Amino acid sequence: DRTTGEPIFPVEERPVPQDGATGEFFSPTQPFPTRPPPIHPQTLRPEEAFGITPWDRADCQRKIAALRYEGPFTPPEIGGWMGYPSYFGGSNWGSMAVDPDRDLLITNTSRMASRLRLIPRSEYNARMEGGVSEAAMLESWEPQMGTPYAVTRGFLVSDWGLPCSPPPWGTLVGVDLRTG
């Protein structure tokens, strides 16, 4: 409720993983809305990987299996983790629309997974001094100033450049504002 700041539908505090990068602190719980139901898939398992050929799919299965993923609050770590929804959001591309006659909220979603990895500052500094390779240009390298880490992030794609998450890679979603 924008006038009181109180949730319209119940919110549950749930435990989330606590074992991320050394020196980082994590909240023991995070708020999870009970309604509306998630508008983005909450899991991406290796057997759900997309691929247009058996080789492409196997490449994505291997990449998904190699990344840690325990839901949207998976802690950051040096070994890498999967972001799903990705770092540019499950619901993004600007605003939502509301149909006041039907009490319907309409938004679009992005359903592409991302690969994220913390990098020790010394590795980041060496990489920046030596220039970024062409392969690394497909990822963003960000310094995370004031921390002992930098981060790389990029879409989780096969060696052919196709998304590893299954289609559809974007949707339009309608939410009934009366019932959630």
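The values are calculated or read from the model by the stated rules, or taken from the named source; none is laboratory data. Bear in mind the structure is a predicted one, so any value in this text is a computation, not a measurement. Every residue, glycine as well, gets a Cβ built from its backbone with ideal geometry; the counts of neighbours run over all protein chains shown. Each accessible area value is taken on the protein alone, full model and side chains, heavy atoms only, with ligands, DNA and RNA left out. Shrake-Rupley method; radii C 1.70, N 1.55, O 1.52, S 1.80 Å.
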Problem set entry | Accessible-area order (highest first, 1.4 angstrom probe) of the listed residues W55, W169, W141 | W55, W169, W141
Problem set entry | Given charges at beta-carbon only (K, R positive; D, E negative), |dipole| of the chain in Debye | 180
Problem set entry | Max mean-square fluctuation residue, GNM over the chain, Cα-Cα springs under 10 Å, options E70, E47, E13 | E13
Exercise. Calculated from the structure, Cα extents along the principal axes in Å equals which of [x] 64, 51, 33; [y] 58, 42, 27; [z] 55, 33, 31?
Worked result: [y]
For this session: Give me the accessible area of D101, 1.4 Å probe, in Å² rounded to the nearest 10.
Result: 140
Seminar exercise, completed: Between E129 and A21, the FRET efficiency computed from the C-beta separation at R0 = 25 Å comes out, to the nearest 0.05, as 0.60
For this session: Compare T152, T43, T34 in a GNM of the chain, Cα atoms joined below 10 Å, and give the one with the largest fluctuation.
Result: T34
Exercise. Which angle from 0 to 90°, rounded to the nearest 10, does the C-alpha axis of helix 54-66 make with the longest principal axis of the chain?
Worked result: 90
Problem set entry | Within the accessible area of the chain (1.4 Å probe), percent carbon and sulfur | 59
For this session: Can you work out the accessible area per residue across the chain, with the rest of the protein chains kept in place, probe 1.4 Å, in square angstrom?
Result: 60
Seminar exercise, completed: Expressed in square angstrom to the nearest 10, the accessible area of M145 with a 1.4 Å probe stands at 150
